[in-house]
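Visitor: Pasting in a structure now, in C-alpha cells, and then I'll have a few things to ask.
The values are calculated or read from the model by the stated rules, or taken from the named source; none is laboratory data. Everything quoted here is computed from the prediction, not taken from an experiment. Neighbour counts are summed over all protein chains in view; Cβ atoms, including those assigned to glycine, are modelled from backbone coordinates with ideal geometry. What goes into the accessible areas is simple: the full protein's heavy atoms, side chains included, and nothing from ligands, DNA or RNA. Shrake-Rupley method; radii C 1.70, N 1.55, O 1.52, S 1.80 Å.
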Amino acid sequence: MRMIGSSLARAVDVIELLADYPEGERLSAIAQRLELPKSAVHRLLAPLCARGWAEQDPATGRYRLSLRFAALGRRLFDATGLHDVCQPVLDRLARDSRELVRLTLARDGGLGWLCSAQGAPPGLRYAPAMTGPVALHATANGKAWLATMPGAEVRRLQRARGMAALATRPIVGARALLRA
C-alpha cells in the first residue's frame, strides 16, 4: 500500500509541475526538477498519456497536461455554485468601481485566482492572465491578504517563497518611491 501511495504522490507532483508549463516540458527537465530518475517519470507519464490526461508533442517530445484537467476543474467549480453566487457581486463591484475585480481563494499558504470582472471602459485596459500563483507582494489581492496576518507570518511566507519584499502598504510620495 505504501508503494501505491508513494507513486500516487509522485504522479501528483508531475501533474502540479506540468500545470506551470502549458507549452510542455521535456522528460529530462521534469525528472531534474522533481529529483527523480527519467525512467520513473516516464512510468508516471505513460498512464496519464494513455488515459488522455497528458500528451506528448510529437514534434518537440515535450509533455504537457491535456485540457481534461481544465474541464474537470470547471465541472467541479460549476457544481459548487460558487460562480453563480460570486459573479454578480464581482460584476456589480467592477461596474461601480470601473476597475478590474478579481476573486481569490486562500489555500496552502498562498492565493489562487477564481474569477474576475472587468469594469474599465473600452480602450486601454490591463488584465493579466489568471494563471500561476498570485504574487502576494505585488497584487492588491496579495497585499490585502498579507495585511490581515501578523508580521511573523508575513516574514515566514517571505522566506518560504523567496520573495525579496512583501510590501503590505502602498508607496506614497516621492521619497518612499525613491527608497523602494
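Visitor: With a 1.4 Å probe and all protein chains kept in place, how do Glu35, Glu153 rank by accessible area, largest first?
Guide: Sorted descending by solvent-accessible area, the residues read Glu35, Glu153.
Visitor: Met130 versus Glu23, label points 7 Å from Cα toward the beta carbon: distance in nm?
Guide: For Met130 paired with Glu23, the spin-label model returns 2.4 nm.
Visitor: Something else: Over every pair of different alpha-carbon atoms in segment 73-121, take the mean of 1/r and invert it; report that Kirkwood radius in Å.
Guide: After inverting the pairwise mean of 1/r, the radius is 11.5 Å.
Visitor: Which label belongs to the value computed from this structure, given these candidates for percent of Cα pairs over 23 Å apart: (i) 35; (ii) 59; (iii) 47?
Guide: (ii)
Visitor: Which value, in debye to the nearest 20, gives the size of the charge dipole of the chain about its Cα centre, when Lys and Arg are +1 and Asp and Glu are -1 at the Cβ?
Guide: 460
Visitor: Ok, one more. With all protein chains present and a 1.4 Å probe, how do Lys143, Lys38 order by accessible area, largest first?
Guide: Order by accessible area, largest first: Lys38, Lys143.
Visitor: Label-point separation (nm) for Glu16 and Gln32, each offset 7 Å from Cα along Cα-to-Cβ?
Guide: Computed distance between label sites Glu16 and Gln32 equals 2.1 nm.
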